[in-house]
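What follows is a set of notes on a single structure, which appears directly below.
Quick note: the coordinates plus some simple rules give every number you see, no bench work behind them. None of these values were measured; they are calculated from a predicted model. Neighbour counts run over all protein chains shown; Cβ positions are idealised from the backbone, glycine included.
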Amino acid sequence: MLEFDIVPAPRRSAEERAALLGDPGFGRVFTDHMVTIRYADTKGWYDARLVPFGPLSLSPATAALHYGQEIFEGLKAYAMPDGGVALFRPEANARRLNATAVRLAMPELPEELFLRAVWTLVDADRDWVPTRPGQSLYLRPFMIATDPFLGVRPSSEYLFAVIASPAGSYFAGGAKPVTVWVSEDYSRAAPGGTGAVKTAANYAASLLAQAQAQEAGCDQVVFLDAVEKRWIEESGSMNLFFVYDDGGVPLLVTPPLNGSILPGVTRDSVLRLAEHLGYGVAERPYSQAEWRADAESGKLRETFACGTGVVITSIGTARTKDGEFTIAGATEGPVTSTIRDAIVGIQRGLAEDPFGWSRRRP
Ligand SMILES: *Cc1c(COP(=O)(O)O)cnc(C)c1O
């Protein structure tokens, strides 16, 4: 078994830490340590370390910088009411990293090693897991191709690393419904492409659409399918749910995992919790036209987006080139709140965990 070499970092003072944890925002503040593990075709995974957080030294010819062979994950550590710490379904992230690795012609990391890497960092930087409501420690595992070679082929060497960043709520203002821009000019992902895996290139391709959304006064972009420009796929970094009333029982509709939609851990958790709550669920293609028509007629009750960062965000208004429409008066609906409370309750150890998703340490 690969053991981690521990190189302790100089720790920042309790005062400095408290000041940074007061209002960490998202992705700006980092903890004292990081984990790195190397890979070579000839050796497999080797050289696992916990080291001080700091710059990586890379050749300017590093493959990841030129051809985008980079993949990542995102998960959170939560402070528990009893003083412990918990990860939410980290095995799902380990599995998805490997599904992504396969698509990008990169080596798979044993799930056991992924989990130990994440826990090694969380254990070392436990003091950085923030404890205020809504806060968490965001964990960013990632892998880059490190061959110093400009030829186009899969790298023979890789670096896997985990960094950690204390986080408040993703959107300032918390549960306020957001406005989204439906992008008709740009696609995020195409059939046969990389939309279903977590790779940097998908985000690079989404930034201009996101900028356009912001210019249009919107918080987030919603992407349509690349072929017909008709079907709703997902938001920039969140999966989407449309809530109907089916004879007094909520029905949650979400687009199916068609190969260009990212299979969110939160999406999967919402589907399973919804069934547990006695709601109906339907994974089926959902068109932009249906969204607008049902919002305008009032048949559609709620729309929300979900992902590790925001957990659950209500969508109040959708804006397109042909004007905008609101969903249920742009106020958050009861199903959105119920689902959020259920999932947040499990993540933070405030509610029963019927599926055994929470991985706790004292
Ligand atoms: C990460 C991500 C999501 C959400 O996945 P979670 O596992 O729920 O955090 C949704 N869409 C895209 C494009 C993503 O990259």
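Only counting other Cβ atoms within 10 Å, I'd like His276, His66 sorted with the fewest neighbours first.
His276, His66
Can you say what percent of the DSSP beta bridges in segment 178-347, counting only those with both residues inside, are antiparallel? Round to 5.
65 percent
Given a cut-off of 13 Å, what percent of all Cα-Cα pairs of segment 95-138 lie beyond it?
Tail of the P(r) past 13 Å holds 64 percent of the pairs.
Considering only the other residues whose Cβ falls under 12 Å of the Cβ of Gly323, what net charge follows from Lys and Arg at +1 and Asp and Glu at -1?
Value of the local net charge: 0.
A 25 angstrom limit on the alpha carbon distance is what I want to check against. Which of Lys229/Lys321; Lys229/Lys299; Lys198/Lys229; Lys299/Lys321; Lys176/Lys299; Lys176/Lys229 exceed it?
The answer is Lys176/Lys229.
Across all directions of projection, what mean area in square nanometres is found for the Cα convex hull of segment 275-362?
7.3 nm²
Just to be sure I understand the model, the point goes 7 Å from the Cα along the line to the Cβ. What's the resulting Arg95 to Asp123 distance in nm?
A separation of 2.5 nm, rounded to one decimal place.
Counting Lys +1, Arg +1, Asp -1, Glu -1, what net charge surrounds Thr62 among other residues with beta carbon under 15 Å of its beta carbon?
Summing Lys and Arg as +1 and Asp and Glu as -1 gives -1.
Rank the residues Cys306, Cys218 as a footprinting-exposure proxy: fewest other Cβ atoms within 10 Å of their Cβ go first.
Going from sparsest to densest Cβ surroundings: Cys218, Cys306.
Looking at the chain as a GNM with Cα springs under 10 Å, which of Asp125, Asp294, Asp322 has the largest mean-square fluctuation?
The residue that fluctuates most here is Asp322.
What does the charge add up to near Arg12, with Lys and Arg as +1, Asp and Glu as -1, over the other residues with Cβ less than 13 Å from its Cβ?
Surrounding charge for Arg12 is -3.
Considering every pair of different Cα atoms, what Kirkwood radius, in Å, is found for segment 178-347?
Answer for segment 178-347: a Kirkwood hydrodynamic radius of 15.9 Å.
What nm value, rounded to one decimal, do you get for the distance between Val7 and Arg361 when each label is placed 7 Å out toward the C-beta?
About 2.1 nm, to one decimal.
Please report Rg over Rh for segment 31-139, where both radii come from the alpha carbon positions and Rh follows the Kirkwood definition.
My calculation of the ratio gives 0.99.
Bin by bin, in steps of 20 Å, what percent of the Cα pairs in the chain do you find, going until the bin that has the longest distance?
Result returned by the calculation: 28, 58, 14, 0.
Kindly provide the pair-distance distribution of segment 243-311 built from C-alpha pairs, with 10 Å bins from 0 and whole-percent values in order of increasing distance.
Taking every Cα pair in segment 243-311, the percentages come to 18, 51, 30, 1.
What list do you get for Thr303, Thr338 if you sort them by fewest beta carbons within 10 Å?
Taking fewest neighbouring Cβ atoms as first place, the list is Thr338, Thr303.
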